[in-house]
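S.K.: Below is one structure. I have some questions about it.
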Amino acid sequence: MNKDIKVRELKHEYDSCFKPNQRYLNSLPDIQNGAFDDEPIDFVGIHNFHLPIRIREKNGDTQEVMASITGTVSLEAEKRGINMSRIIRTFYKSKDEVFDINKLEKVLKDYQRDLQSFDAHILMNFKYRIWQDALRSTHIEKMEDHQGYYEGIVIDGGWQYYNITFDVNLDRSGEFKRILWMDYVYSSACPCSTELTLHNMYERGMFGIPHSQRSVARIGIEFGKESVWIEDLLDICRQAIPTETLVFCKRIDEQAFSELNGANPIFVEDAIRKLKHILNQNEQITDFKIVCLHAESLHSHSAISVTTKGVNESIFNHHVTLGELKDIALSIC
């Protein structure tokens, strides 16, 4: 190393021909791995690293999604920091594999080994598409079977995209925890507004329209080795609250949606209780958290409700942070 070089004599250009040899690589400074002793850090890593990955569907098919990944590990007191790029490199080892939530256990074990850490955590967020049939509209389509061509009735529909997060953790004892998060967006017709509108109609002969609004339930479920698929959680949501917002909508579907809302008026308190009741019936789900937000069309504010299963020493807690609420509100904009 030439320590007598003058700064003004340095070249201000990029040398595209330079190929570092091993001696040069060994000479690079590495201040992260020098002598150090301070406070340990629970988790440190990277956030919003993007990677196209393939997700396994319940029916065995796959779909490619663009995932936003947060990867973190624990940092012990004798280490100043970690090599952040190793987290990305570790993930790239598995980039061509087909992922489900259990596949991330292998990635976490690679994290622990490559970064010499005790605890490892991954958040993988992506939009997952599932076909949604129209409520009532259909069309005639030419089809073919062994007897030839014929015309058949086909239900209309479109792709609904769901905000999904795989939330997985591997601790120093080797325990692997898996949490599946989903945002379920639905319409909530106000029961109070419905009754007041009917009262006005019957008592005064006045026409009115009850208010309803786009709403969202953010649901996180913890489960064991027997997987709960994204499709399973969606079925649970649709069973509890059937007024999911529509993708494909003709006039007949809009009329049906009005009818569906009229049959299912729901307060934010009702929504979260319905979801909690049905989640409690699923033996595969060991713990859960639900946050419901109704973006009121009547008020200038939103209504929220929060609940958990109530498990002792739960990974979830009953409070919800301002950051979480802001993020949930953005998911229905």
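S.K.: Looking at the structure I just gave you, is L293 within 28 Å of D133 (Cα to Cα), part of a strand (DSSP E or B) and within 18 Å of the chain's Cα centre (by Cα)?
M.R.: Yes; evaluated as a whole, the condition is true for this residue.
S.K.: So for region 59-74 (the condition being at pLDDT below 85, surrounded by 10 or more Cβ atoms within 10 Å (Cβ to Cβ) and in contact with a Pro (Cβ under 9 Å, 6 or more places away or on another chain)), does at least one residue qualify?
M.R.: yes
S.K.: In addition: Can you go through S305, S227 and tell me which one is more than 30 Å from H139 (Cβ to Cβ) and in a loop (DSSP other than H, G, I, E, B)?
M.R.: Just a single option satisfies the conditions, and that option is S227.
S.K.: Continuing with this model, one more query. Considering only region 169-180, state which residues are surrounded by 14 or more Cβ atoms within 10 Å (Cβ to Cβ) and either free of Cβ contacts under 8 Å to residues at least 40 places away in the same chain or more than 12 Å from the chain's Cα centre (by Cα) (or both). It would help to see each step written out before you state the result.
M.R.: From region 169-180, those surrounded by 14 or more Cβ atoms within 10 Å (Cβ to Cβ) are 169-171, 176-180; that's our starting set.
Within region 169-180, N169, L170, D171, F176, K177, R178 meet the criteria.
S.K.: Where residues in region 186-210 are crowded, with 16+ Cβ neighbours inside 10 Å, outside any helix (DSSP H, G or I) and not hydrophobic (A, V, I, L, M, F, W, C), which of them is farthest from the chain's Cα centre (by Cα)?
M.R.: Checked region 186-210; the qualifying residue farthest from the chain's Cα centre (by Cα) is P210.
S.K.: Of (1) within 24 Å of the chain's Cα centre (by Cα); (2) farther than 19 Å from L325 by Cα, T308 satisfies all except one. Which?
M.R.: Only one criterion is unmet by T308, namely (2).
S.K.: Then there is this: If you check S314 against the conditions, is it surrounded by fewer than 17 Cβ atoms within 10 Å (Cβ to Cβ) and in contact (Cβ under 8 Å) with a residue 24 or more places away in the chain?
M.R.: yes
S.K.: Which one of these does L51 not meet: (1) surrounded by 15 or more Cβ atoms within 10 Å (Cβ to Cβ); (2) at pLDDT below 80?
M.R.: (2)
S.K.: Still on this structure, please answer the following. Taking region 212-247, which residues are surrounded by fewer than 17 Cβ atoms within 10 Å (Cβ to Cβ) and in contact with a helix residue (DSSP H, G or I) (Cβ under 7 Å, 6 or more places away or on another chain)?
M.R.: S227, Q239, P242
Okay, residues lined up against (1) in a strand (DSSP E or B); (2) at pLDDT 90 or above; (3) touching an Asp or Glu at 6+ places or on another chain (Cβ under 9 Å):
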site: R113; (1), (2), (3): no, no, no
site: Y149; (1), (2), (3): yes, no, no
site: Y161; (1), (2), (3): yes, yes, no
site: R178; (1), (2), (3): yes, yes, yes
site: Y184; (1), (2), (3): yes, yes, yes
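S.K.: Would you mind telling me which numbered condition in (1) outside any strand (DSSP E or B); (2) in contact with a helix residue (DSSP H, G or I) (Cβ under 8 Å, 6 or more places away or on another chain); (3) within 18 Å of Y186 (Cβ to Cβ) L325 fails?
M.R.: Here L325 clears every test but (2).
The values are calculated or read from the model by the stated rules, or taken from the named source; none is laboratory data. It should be emphasised that the depicted structure is a prediction, and the values quoted were computed from it without experimental measurement. Note that we place each Cβ from the backbone using ideal geometry, even for glycine, and neighbour counts take in every protein chain shown.
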